[in-house]
Every structure is written in structure tokens, then in C-alpha cells.
Amino acid sequence: MLQPELHIVKENLKDSLKKGLPGEKAHLRMLPAGRDLHPISDKGKIIQSSVLMLIFPNKGKLNTCLIRRPSNMRNHGGQVAFPGGGYETGDKDLVSTALRESFEEIGTDASQLEIIGALTPLYVNVSNFIINPFIGWSAGLPQFNIDTREVDELLIVPLDRFLEQTACQIRKVKTSLGEFEAPGFYIDSWFIWGATAMIISEFNDIYRSIVKSPR
């Protein structure tokens, strides 16, 4: 992908993220059975968190990166996710949370990134988190430095892979609550489901319209 084309895609993404987002319509396509999109009143204090969907060029294509969390983590152990975590009192705002967590987990340099927008916040009832997804842009391939205490593996995925018809599948997943079937994206033996798949589903709706109708 040539540099002028990258600039066009970036600007189109920025414009689209400022408009009405697909939101729950896109989330529902990837919502596992028995899960709720909205908090239940007696669930206790909800925790605000942020994730970073980082977009960058690599080998002529636009990519993003995902991590596999260690299996011994209390919440979402072994699952595939975007870098991110809970808001801390030292964070200036939720964007700062996303940038801090990404730096801590995969070593990305916030000074080399641009936040170009945000997707719709979504609720995860298993951990009682509200996830705030932010879209970051890097002009080149980031220099990754993985913290193995928080990340087992890093996966770099061309954005087009998520648009392929064969990527969207329903598979059995195992969690601390048991085994069940869930919709998600199957990429290079990685099955991406739950909140991460819901975020990708919303991004896909936006990215697909840009790819089909470049301005």
C-alpha cells in the first residue's frame, strides 16, 4: 500500500469514527449466548478499562496486533485480546489508560502513535468491566517489547483477514464457567471471541465501507 493511500485510509477512518458508530448492532453479532450487553443492577461497582486497537503498515498492508493472555490470569486467562486493562488513578483519562497498558504489555511508544478515534464502549459481565476501545495509528511497524508476565504471544493480523468470509466462525470455547459455543474470528489457529470479537465486528463495519467506497 503506497504512502498516499495510507493517508487517505487514515483520514477516512478518522472521519468515520466521528460519525454514528454501528455500536450494539455490530456487538450483537459476536455476543456469546447467555451474556449481557448491559450491566445488571446488582453486579456491584463497574470497572472502567481501555484497550488499544493499533493500526500500522506492514508488508504493504494495514495490520493490527492482538495478544494471548497467560492461562493463569484470574479473568480471561488464555484468551486473545487487544492490549489494555483497568483505569488507574494516575491515568489522565481513558486514552492514557490504553496507551499505558499497551506500553506495559507490548512496549509500544505513545509518542510514535496517534489516537484517531474510539469505538463504542461495551460491557463484559464476567469481569464487570466497561471496555473503552481506542483506535491508534502508527506510521510504521512498531518496535514491540513483550512483557511475558502479561502476554504469552503476539499476533500481527492484516485488517483484510477479518473481512474474509471464512474468518467468521462458531467454535467451542473453554472457560472457568464451562464449555460452550461462541461466535468469533478464526485467524491462523487463533480463535478470537467475546469482547475482542465484538470490537472487531464494529471496526469491520467501518473499515468495510471505506475499502468498498474510498473517498
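For the structure I just gave you, tell me whether residue 164 is closer than 25 Å to residue 208 by Cβ and of a type in the set (Asp, Glu). Answer is yes for this residue. Of all residues in the stretch 86-105, those satisfying the criterion of being among the polar types (S, T, N, Q) and either over 15 Å from residue 54 (Cα atoms) or over 15 Å from the mean Cα position of the chain (by Cα) (or both) are 89, 96.
Among the residues of the stretch 192-213, is there at least one that is of a type in the set (D, E, K, R) and assigned to a strand (DSSP E or B)?
Checking the stretch 192-213: not a single residue is of a type in the set (D, E, K, R) and assigned to a strand (DSSP E or B).
Computed from the coordinates by the stated procedures, all read-outs in this text should not be read as laboratory data. Source: prediction; values computed, not measured. A quick note on method: Cβ atoms are made from the backbone with ideal geometry, for glycine too, and the neighbour counts reach across all protein chains shown.
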